[in-house]
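The values are calculated or read from the model by the stated rules, or taken from the named source; none is laboratory data. Computed from a predicted structure; not experimentally measured. Using ideal geometry, Cβ is built from the backbone for each residue, glycine included, and neighbour counts are taken over all protein chains shown.
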Amino acid sequence: MTQARSLIAAACLAAAGAVQAQTSTADGIAQYRALLADGNPAELWEIKGEGLWKQRRGPRNASLEACDLGKGPGVVPGAFVELPRFFADTRRVQDLESRLLSCMQALQGFDAAAIAATPFGRGEQANLEALVAYIAAASRGLRFNLPQGHAEERKMAEVGKRVFFFRAGPYDFACASCHDAAGKRIRLQELPNLTLNPGDGVGFAAWPAYRVSSGELWTMQRRLNDCYRQQRFPYPGYASDASIALGVYMGVQARGAVSSAPSIKR
Amino acid sequence: MSDPMRIRAQAQGGGAVVRVLMSHEMETGQRKDAAGKTIPAWHITEVSAALNGKTVLTAQWGTAIAKNPFTEFVVKGAKAGDKITVSWVDNRGDKRSDEAVIA
Amino acid sequence: MQNRREMLTRSAAVAALLAGAGVLPARAQAAYNKAAFEAKSIDDVVKALGIARPVESKDIVFTAPDIAENGAVVPIAASTALPGVKRIAFLVEKNPTTLAGVFDFSDAVETSVKTRIKMGQSSNVLAVAILGDGKVLYAQRDVKVTLGGCGG
Amino acid sequence: MSILPRIRIRIGALALLAGCAGAPGPQDLDRATQAVMQNSFRAQGIATLDRLVQDEVQQACSAETPPPPARAAQLEAAQLASVQWPQDGVYLGDWREGEKLAQNGRGGTWSDAPGVPAGGNCYNCHQLAKAEIAFGTIGPSLYQYGKLRGVADPADPAAAAVVRYTWGKLWNAKAYNACSAMPRFGHQGVLTPAQIKDLMALLLDPKSPVNAP
């Protein structure tokens, strides 16, 4: 017992010393992130997603290898940094997730509406998250270059901008309330300015990401969903027009930014 | 069924740096679900790493190892082409073993 | 001595697993020390591990962030150039259970390990190294766990 | 390739515009945005769809550029006129409760249970007590708020203007800045008058850690 007591005493002394050595908050957070960067659990989703892409699944027992993500059937590298974009076959502007829903339904025979209604992290939603991680990872290091050649793509960018600035709810929040200026933060989290290119691997160019707080892989749809939750808005539908329009707006603003997705986030 | 581990093993200065990511909930047993019921602890208890079949490192883990655990260690005298095996067992008796070749 | 022997008892679970994987342990493996992982103080962990009084040492290099942006994942690392270190244990004083993990090193690995732990609140964290001759050394760091996000 | 019928209906408003000659004008895009907002959300828990109905402040402050100064002044006057001042004339509560409220960022989301009092969210955007290092910077630092404004005794008539302004700001931030990023805590019923009194104390009580040397 005496042993233990002196150990605690020693601990207290050392703690006093540690205070002197304590770095500033910003330095401390930077140090924490540097320690985390090595070994991103998103890799677990990436390898799972690669397997799912190639695996014959669903009522039609087919793989997704014929899925056209915008660069031709089965082409994965480079596809992520050009999404959302217009697809002639569905006559819609689609982000990666709504596009995957279309492919899973058309090729594999899954019920896209049922997957869209499945809670995040469960069932086919969990598989979709892994697919997103795999497809995003295949464009890591590439620059965002969303096409704006189609009238629908330009329109969605304009609508997305308006959705971004739309203030409502009991707290009067819009996306812009937190994301229209650089150098701001909530608590200790820096907020990217999403009205312009916030930089390589920042903001739009960092998602999907492994969320340390929940230990899960968050896609852009889930990221937006939680933004809207904290905006105190009603619940945005998975792959809803508002979410896709926001993706086009943010993606067009982020043109030229290098994708770091899937990244690791608090 | 558990998801596969991600093992990266890189030859470096007369040894190999091994980085392992495991897919596991690592539930603490301290949390409650929406209905207020305690979610039972579910975590990896024992880990073992082997070089070409010979155990080189073992570990025992409690509930305070982070979800989707990451571990890094250095195997002496290992070279490119050698085989690293990592295995774990959890408190429910689930187990998993994955391999990687040192690059 | 009794405790030490107990620690070195072969673990049936891992042995069976390794045998199944075609990997047999080269040396006896420590059994899962349930009592140590249920201990709620540094004293009780020391007792349950059956080790001597830990002495602070500069030879134990222990890395932990001063500030953790999220207590759910706190990256830590410990290493030592001292010969004879067989085991390193990580302890978080203010966690509901103190012991986070124990790593046992053979001669075929460097006595160096990185892992990630959970912290319920700001606390001091200890890396405790156990030598073959029974000596026990430690290093420690204060880690401040901050509140993140919108708190919702 | 087939698509979700549900989504095909949603896209209807947009597809209609695509048929028009030339690029859609601002009014077309505004209409399309309204349609998108209406078809993209559903009620969940306490977060009902009526939350998407904008009042005049929200409407005026939903563009990249703020409304012209004259319009802003008009909005501010209307918001100020609607402020409810404490009925009992007591402006300050307990700073300890205020600090707890300032730390608490919960309330109002679809994952919050009905009837649970909301927090003040203050540290999300402001520095307050020096001991809390995890503070946001969307709003200005409020450290030394009362002290810097010369409030030695909040009950002193000399402090009345600051006290009244602070209440008004907490009750309805838009009364002083039409498009302020700060919620209208009293006006929108996010916080009760008693909670606002506790936040007043956190900001103005000389014993509060906000005003500690």
- Residue tally, condition away from chain D (no Cβ under 14 Å) and either within 24 Å of A:Glu50 (Cβ to Cβ) or surrounded by 21 or more Cβ atoms within 10 Å (Cβ to Cβ) (or both), over the range A:129-180: 18
- Message: Condition first: at the interface with chain B (Cβ under 10 Å from one of its Cβ atoms) and over 12 Å from the mean Cα position of the chain (by Cα). Now tell me which residues in the range C:102-135 satisfy that.
- Response: C:Ser106, C:Asp107, C:Ala108, C:Val109, C:Glu110, C:Thr111, C:Lys118, C:Met119, C:Gly120
- Note on the structure: Scanning the range A:84-110 for residues that are in a loop (DSSP other than H, G, I, E, B) and at the interface with chain D (Cβ under 9 Å from one of its Cβ atoms), the one farthest from A:Ala62 (Cα to Cα) turns out to be A:Arg91
- Working only within the range B:45-103, note down all residues that are β-branched (Val, Ile, Thr), within 14 Å of chain A (Cβ to nearest Cβ), assigned to a strand (DSSP E or B) and within 30 Å of C:Lys94 (Cβ to Cβ). B:Ile65, B:Thr71
- D:Gly115 being modelled with pLDDT under 95, more than 13 Å from chain C (Cβ to nearest Cβ) and either surrounded by 15 or more Cβ atoms within 10 Å (Cβ to Cβ) or assigned to a loop (DSSP other than H, G, I, E, B) (or both): yes
- Find the residue count for the range C:77-116, including only residues that are surrounded by 21 or more Cβ atoms within 10 Å (Cβ to Cβ) and either in contact (Cβ under 8 Å) with a residue 60 or more places away in the chain or touching a Phe, Trp or Tyr at 6+ places or on another chain (Cβ under 6 Å) (or both). 12
- Message: If B:Arg6 meets every condition in (1) more than 9 Å from every other protein chain (Cβ to nearest Cβ); (2) of a type outside the set (A, V, I, L, M); (3) under 19 Å from A:Trp45 (Cβ atoms); (4) within 11 Å of the chain's Cα centre (by Cα) apart from one, which number is that one?
- Response: (1)
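This table checks each residue for (1) away from chain B (no Cβ under 14 Å); (2) touching a Lys or Arg at 6+ places or on another chain (Cβ under 7 Å); (3) in a strand (DSSP E or B); (4) buried (at least 19 other Cβ atoms within 10 Å of the Cβ).
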{"position": "A:Ala182", "(1), (2), (3), (4)": "yes, no, no, no"}
{"position": "A:Asn193", "(1), (2), (3), (4)": "yes, no, no, yes"}
{"position": "A:Pro198", "(1), (2), (3), (4)": "yes, no, no, yes"}
{"position": "A:Ala205", "(1), (2), (3), (4)": "yes, no, no, yes"}
{"position": "A:Ser213", "(1), (2), (3), (4)": "no, yes, no, no"}
{"position": "A:Leu217", "(1), (2), (3), (4)": "no, no, yes, yes"}
- Item | Among (1) within 14 Å of chain C (Cβ to nearest Cβ); (2) small (Gly, Ala, Ser); (3) part of a loop (DSSP other than H, G, I, E, B), the one test that D:Ala102 misses | (3)
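Taking the range D:156-173 on its own, how many of its residues are in a loop (DSSP other than H, G, I, E, B) and surrounded by 12 or more Cβ atoms within 10 Å (Cβ to Cβ)?
Taking the range D:156-173 and keeping what is in a loop (DSSP other than H, G, I, E, B), we get D:156, D:172.
Restricting the remaining residues to those that are surrounded by 12 or more Cβ atoms within 10 Å (Cβ to Cβ) gives D:172.
Qualifying residue count for the region: 1.
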